[in-house]
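Working notes, beginning with the structure itself.
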Amino acid sequence: MTEPTPTKVDMEKIVSLCQRRGFIFPSSEIYGGLSSCWDYGPLGVELKQNIKQAWWQAVVQQRDDMVGMDTSILMHPQTWAASGHLEGFSDPLVECKSCHLRWRADELKGDSCPSCSGELTEPRQFNLMFKTFMGPIEEEASIVYLRPETAQGMFVNFLNVLDTTRKKLPFGIAQIGKSFRNEITTGNFIFRSREFEQMEIEFFVKPGTDKEWFNYWLEERFNWYVKLGIKKENLKLRQHMKHELAHYALDCYDIDYLFPMGWAELEGIANRGDYDLSQHAKFSGKSLDYFDEDTKEHFIPYIIEPSAGVDRSALAFICDAYDEEPDKEGIRVLLHLHPSLAPYKVAVLPLSRRENLVAAAKKVYADLRQSWMVSYDDAQSIGRRYRRQDEIGTPFCVTVDFQSLEDEQVTIRERDTMNQIRVPINTLKTTLAAKLSGEELFVLPPGGKIWKE
Ligand code: GAP
């Protein structure tokens, strides 16, 4: 058997779909946008929330050895001295002596300015943390930073979590939140932006068991994307070379995805050793040792860190789900989003705007909304409405027609196959719940039948 080949989609099509249908807009667009900042629209916010919920369910809710946190974006400035960000979180920059544009030295092809061919300065390190001031006085003593990663909030709370949850090693803390980096090279839509959201796990283990846990998390996190529908051939694990390793990492792999611009990092999984807790113990003067009651040993735990981006995941899920199929009206664009990620789970469509049909459809709509995000659409032909739902990834459309008024039945149409079944309205909710959990469309409830128009 031949392996499936990786597939790449066109970024322009993705950006256009996202803007046209209300997934993602440039930030402050009416003022011309703000470079590399993005706003998630009505569909984008649903997708993003669903991604975060799927992650939280898998790594917190369904595990005994994990707890969640939500720590603040602004932290004590010493945090960043201890973490190494004040010293080392920088990119080498050169400036053009003529046009004064700045470039990342490690990404330049030649030795002159790519914009005007002017002469460039020597590289200078540029710190990527956003600086601001706490309180009314803008002076050195009041400088604080917007966090460039959520991780540090979890490291500095290690003792609080240990004391309040009475967890024993191995255990982890998980957090979802905004991070900020004054990136020099941005672009590729939401792939690299200056304000973004991370989903990070800090998993504390006994030294000596770290390699085993590292491998465990590599597999676990890779499979999470596959379970949520990303094609395996579009994902790969890539180990960092020695010179690429961050200052804290003993080992690191990226889960790379085949984005429209090529293979690039979706998530990083690092073995951070005892770097973080040792540094915070040193800078805070507080012992961050762990006491193992079984062996009566004191030691500083090692940390395995799977760190994912919400925005990059959203981009990967959209790209992977994007599909075009020829049909009688030209091309059917669809997003094969996993039902748990789809912004709307169901769309309710009355066949026409006739009063009695609308009333029946609204009743179905009101009932289904108690359980899921449901869309209601009665504008234009039914064919067009199906296409609109396909394009935003709605897994099922429920059509209320004239016959429904007599037989109390409706049709359910499946997005991917366009197959239809007809079911009694009083079984609709349980039928949809089963289909959304993966049951075959043609498994019918009592009184249901396969439907051909
Ligand atoms: N605590 C470790 C850490 O932050 P990282 O590799 O710098 O590691 C982890 O970031 C993940 O955060 C990346 O794999 C990516 O998904 C996301 N990420 C990092 N910088 C980003 C940016 N500028 N824009 C969007 N996502 C970003």
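Miscellaneous remarks
- Summarised in one figure, the compactness ratio Rg/Rh of the stretch 149-210, Cα atoms and Kirkwood Rh, is 1.12.
- About the centre of its Cα atoms, the stretch 55-176 shows a dipole size close to 400 debye [charges on the beta carbon of Lys, Arg (+1) and Asp, Glu (-1) only; nearest 20 debye].
- Placing +1 on the Cβ of every Lys and Arg and -1 on the Cβ of every Asp and Glu, with no other charges, gives the stretch 231-331 a dipole of roughly 420 debye about its Cα centre.
- Convex hull volume of the C-alpha atoms in the stretch 304-427, normalised per residue: 130 Å³.
- Spatial separation of Cα centroids for the stretch 222-275 and the stretch 34-67, in angstrom: 19
- Per residue, the accessible area of the chain comes to 50 Å², computed with a 1.4 Å probe over protein heavy atoms only.
- Protection proxy ranking of 134-141, 224-231 - average other beta-carbon atoms within 10 Å, highest first: 224-231, 134-141
- Only beta bridges with both residues in the chain are counted; by DSSP, about 85 percent of them are antiparallel.
- Protection proxy ranking of 409-421, 29-41 - average other beta-carbon atoms within 10 Å, highest first: 409-421, 29-41
- 10 Å beta-carbon shell around Leu146, net charge (K/R +1, D/E -1): +4
- For the stretch 1-92, the C-alpha radius of gyration divided by 2.2 N^0.38 Å, with N the number of residues, is 1.59.
- For the stretch 408-421, 3J(HN,Hα) computed residue by residue from phi via the Karplus equation (6.51, -1.76, 1.60; θ = phi - 60°) reads 6, 10, 9, 9, 10, 10, 8, 4, 6, 9, 6, 5, 9, 10 Hz, glycine and proline entered as x.
- Among Asn419, Trp217, Gly172 - extreme Cα towards positive end, dipole of the chain, charges at beta-carbon: Asn419
- Applying a DSSP loop filter and a limit of 16 other Cβ atoms within 10 Å to the chymotrypsin sites (Phe, Trp or Tyr not before Pro) in the stretch 375-443 leaves Phe442.
- Rg and Dmax, both from the Cα atoms of the chain and both in Å, are 25.7, 80.
- Residue by residue, the stretch 187-199 carries 3J(HN,Hα) couplings of x, 6, 6, 8, 4, 10, 10, 8, 10, 8, 10, 10, 10 Hz when phi is fed to the Karplus relation 6.51 cos²θ - 1.76 cosθ + 1.60 (θ = phi - 60°); x denotes Gly or Pro.
- Separation between Cα centres of the stretch 430-450 and the stretch 337-378, rounded to whole Å: 17
- Whole-percent carbon and sulfur share, accessible surface of the chain, 1.4 Å: 50
- Peptide ranges 52-64, 286-298 listed from the most packed, as the mean C-beta count within 10 angstrom indicates: 52-64, 286-298
- Estimated vicinal HN-Hα couplings, Hz - the stretch 106-116 in sequence order (Karplus 6.51, -1.76, 1.60; Gly, Pro = x): 6, 10, 6, 7, x, 10, 10, 5, x, 8, 10
- When the Cα positions of Leu108, Leu357, His280 are compared along the charge dipole of the chain, Leu357 comes out farthest toward the positive end, with charges on each C-beta of Lys, Arg, Asp and Glu.
- Extreme residue, positive dipole direction of the stretch 1-65, given options Ala58, Leu17, Trp38 (C-beta unit charges): Leu17
- Nearby aspartates and glutamates by direct alpha-carbon distance to Lys242 (threshold 16 angstrom, same-chain neighbours under 8 apart not counted): Asp251, Asp254
- Pairs exceeding a 32 Å alpha-carbon distance, out of Lys13/Lys328; Lys52/Lys452; Lys13/Lys109; Lys131/Lys345; Lys429/Lys452: Lys52/Lys452; Lys131/Lys345.
- Charging the Cβ of each Asp and Glu at -1 and of each Lys and Arg at +1, and nothing else, the dipole of the chain about its Cα centre rounds to 1220 debye.
The values are calculated or read from the model by the stated rules, or taken from the named source; none is laboratory data. Everything numeric here is computed off the predicted structure, so don't read it as measured data. When we count neighbours, we look across all protein chains shown, and the Cβ atoms used for this are built from the backbone with ideal geometry, even at glycine. The protein model used for the area step is the full one, side chains on, heavy atoms only, and it has no ligands, DNA or RNA in it. Shrake-Rupley method; radii C 1.70, N 1.55, O 1.52, S 1.80 Å.
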